[in-house]
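Read the structure below first, then the notes.
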Amino acid sequence: DTATPPIWRGHELHAVALDLDVVQGPSGRVWVDDEDEFARHRVQHDYPDDVVRLTVASRDRVLAAVTAGHPPFDGTASQWLAWLSPRGQ
C-alpha cells in the first residue's frame, strides 16, 4: 500500500494511505491494485502534482522490487515477522 511518509505526533505514527497497492498473489503473479481508486481520489481530494508524482514513483519502485524478488520481498521478511511475533501465537 503506498502512503505518505510517516510522521510522529507524540507517541503516534501517522500516514495517509494513497490507494495504490502492489500485490503478489499465491501463484507469484504481481500486479497493481486500486488504480481506479487512486485516480478517483486524486480528483476528489485534489492531490497536488508532487504527491501524485511521488506516489507513482513509489509504486514503480515497489513493483520492480517485488517482481525482481529483492529484499524484503524475497521471503526474508517472514523470519523477522516471526521473531517479532509474541511467543506462543
Point to revise | Filter result (on the phi > 0 side of the Ramachandran plot and more than 9 Å from the chain's Cα centre (by Cα)) within the stretch 1-26 | key: GLY10
Exercise for review: Evaluate the stretch 15-25: report whether one residue or more is open to solvent by less than 50 Å² (accessible area, probe 1.4 Å) and in contact (Cβ under 8 Å) with a residue 40 or more places away in the chain.
Suggested key: yes
Revision key, fill the gap. For SER85, the lone unmet condition from (1) open to solvent by 70 Å² or more (accessible area, probe 1.4 Å); (2) at pLDDT below 95; (3) of a type in the set (Ser, Thr, Tyr) is (1)
Review point. Looking at the stretch 26-41, which of its residues are surrounded by 10 or more Cβ atoms within 10 Å (Cβ to Cβ) and within 28 Å of HIS70 (Cβ to Cβ)?
Key: VAL30, TRP31, VAL32, ASP33, ASP34, GLU35, GLU37, PHE38, ALA39
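So for the stretch 8-28 (the condition being of a type in the set (Val, Ile, Thr) and out of contact with any helix residue (DSSP H, G or I) (no Cβ under 9 Å at 6 or more places or on another chain)), does at least one residue qualify?
Taking the stretch 8-28 as the starting set, the residues that turn out to be of a type in the set (Val, Ile, Thr) are 16, 22-23.
Adding the requirement that they be out of contact with any helix residue (DSSP H, G or I) (no Cβ under 9 Å at 6 or more places or on another chain) leaves 16.
There is at least one residue in the stretch 8-28 that is of a type in the set (Val, Ile, Thr) and out of contact with any helix residue (DSSP H, G or I) (no Cβ under 9 Å at 6 or more places or on another chain).
The values are calculated or read from the model by the stated rules, or taken from the named source; none is laboratory data. This is a predicted model, so every value here is computed, not measured. Cβ atoms come from the backbone with ideal geometry, glycine included; neighbour counts cover every protein chain shown. We work out accessible area using only protein heavy atoms, side chains counted, and drop any ligands, DNA or RNA first. Shrake-Rupley method; radii C 1.70, N 1.55, O 1.52, S 1.80 Å.
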